[in-house]
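Worksheet for the structure shown next.
The values are calculated or read from the model by the stated rules, or taken from the named source; none is laboratory data. Remember, predicted model here, so these are calculated numbers, not experimental data. For neighbour counting, all protein chains shown are included, and Cβ atoms are generated from backbone atoms with ideal geometry for every residue, glycine included. Quick note on the areas: whole protein, heavy atoms, side chains included, nothing else; ligands and nucleic acids left out. Shrake-Rupley method; radii C 1.70, N 1.55, O 1.52, S 1.80 Å.
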Amino acid sequence: MTTTVTGKRLISADDHVDLSHDKIKSHLASKHHGEYDDAVTRFRSGMKSMVSAEANQLWREQQGLPAEQGRSLLSAMQDRHHPASGRQGHTDALARLEDMDTDGVQASSTYCEVSAFRYLYTLKDGWREATRAFNTTLAEWASPAPDRLIVSYQIPIHDIEGAVAEVRKAAEEGCKSLQLPVFPTELGLADYWDSRYDPLWTAIQDSGLPICLHIGLNTQLDGLAQRDPTPQKGIFVPMVALAAAEAFGMWIMGGVFERFPELKVVVVEPGVGWVSWWLYTVDDMVTRQGYEFPAISKLPSHYFRQNVYVTFIDEPDVIRHAHDRLGIENVMWSSDYPHPVSSWPNSRSIAEEIVASVPEKEAELVLYGNAARVWNLS
């Protein structure tokens, strides 16, 4: 049987919007602008560690290529050309909706290019107000069609009381999604298994909102980024996805889901194939190798299927991996608009290839049903 997605729903579990700092500050009292700008400057300075000029120049010299100035990962990405490159929908909601219509996508879970929790926590006095301004700007961007443009409010985690308040505010405002840092240790904070987060997990579990962890910059890989000699850091980039194994382990073997079984955690953009191998390995560590994980009472794969969801873009064997270990209800298709790997504007044909010969009910789950359930969409 061949499954066709023509005329069927598509929900992208991962797209992007680029908000300007000026727009964010328009919702922030002017007395906090200086501190906000200082925090952004500190963050951008830290990004310079992503430059691998020395390694790249040495590599180019040995390849007989002309010398090139070192570039940040971001600038290298911006130099790449692809169909979605430079689309107005990256910043403008109405243009985004038009591009979604062109692509046959009904709804989009959209993440801000600016990871505010990477710098908002460094504001001493105005971080709560800046957090509100940031999330208000996200909601304002999605306001032309909040049922189609699903944005994730970003939750700073350095102050648990403030984080809980922002979660409750998000729920009151009808926000459907929350974004947290993937690795709290990057901010000098305890890993998520630590009991300091229990009030936050309680509030999020009560709200019914999913926690979204979007992979991306990882300061623990800065050394690799500096050593990567390739022009666009092609050695470093796949390692970012693989590093999500650390996050899986902290949530699962750290016992968070044992204590909070109704949490929904979406790990965004890790792919699927290697995750299947990881689940096999950690289960095998228990059943055959004698490893102990005292914080959990069942196999690690049980908690993955109970609590974790992963997104993929255009990847082979997704359905097989879902059947083998991940669970057909735990994988979600995404477009990743407007990044270089994006399926735009050919998402329908690509999605049709992914679910070819798949039972229609399963195809529906992967292409929109799982996302509709996670984000409570009608």
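From the alpha carbon gyration tensor of segment 338-378, can you work out the equivalent ellipsoid semi-axes (sqrt of 5 times each eigenvalue) and give them in Å, largest to smallest?
Sorted largest first and rounded, they come to 19, 16, 7 Å.
Over segment 326-378, with the other protein chains present, what is the accessible area per residue in square angstrom, probe 1.4 angstrom?
So segment 326-378 comes to 36 Å² accessible per residue, rounded to a whole number.
Is the shape of the chain rounded, prolate or oblate, going by the alpha carbon gyration tensor and its root eigenvalues a ≥ b ≥ c, with a/c under 1.5 for rounded and a/b larger than b/c for prolate?
Rounded.
Looking at the P(r) of segment 115-234, how many percent of alpha-carbon pairs lie beyond 26 Å?
Of the Cα pairs, 26 percent sit more than 26 Å apart.
For segment 296-343, which semi-axes, largest first and in whole Å, follow from the square roots of 5 times the eigenvalues of its Cα gyration tensor?
Over the Cα atoms of segment 296-343, the ellipsoid semi-axes are 25, 12, 7 Å.
Considering all projection directions equally, how large on average is the shadow of the alpha-carbon convex hull of segment 196-328, in square nanometres?
9.6 nm²
What whole number of Å gives the distance from the Cα centroid of segment 82-97 to the Cα centroid of segment 306-378?
Their Cα centres are 22 Å away from one another.
Rounded to the nearest percent, how much of the accessible area of the chain (1.4 Å probe, protein heavy atoms only) is carbon and sulfur?
Carbon and sulfur together cover 51 percent of it.
R168: net charge of surrounding residues, Cβ under 12 Å, Lys/Arg +1, Asp/Glu -1, itself excluded?
-4
Cα to Cα, under 21 Å, and not fewer than 8 places away if on the same chain: which lysines meet these conditions relative to K176?
Filter leaves K264.
Determine the shape class of segment 141-202: with a ≥ b ≥ c the square roots of the Cα gyration tensor eigenvalues, call it rounded for a/c under 1.5, and otherwise prolate if a/b is greater than b/c, oblate otherwise.
The shape class here is prolate.
Counting only other residues whose beta carbon sits under 13 Å from that of R148, what net charge do I get with K and R as +1, D and E as -1?
Overall, the nearby charge balance is -3.
If packing is taken as the average count of other Cβ atoms within 10 Å, what order do 108-119, 239-250 fall into, highest mean first?
Ranking, from highest mean packing down: 108-119, 239-250.
Sort the following peptides by mean Cβ neighbour count (other Cβ atoms within 10 Å, averaged over residues), highest first: 266-276, 310-320.
Per-residue mean Cβ counts within 10 Å order the peptides as 266-276, 310-320.
Let me check I have the definition right: for segment 297-378, take the eigenvalues of the Cα gyration tensor, multiply each by 5, take square roots. What are those semi-axes in whole Å, largest first?
22, 14, 13
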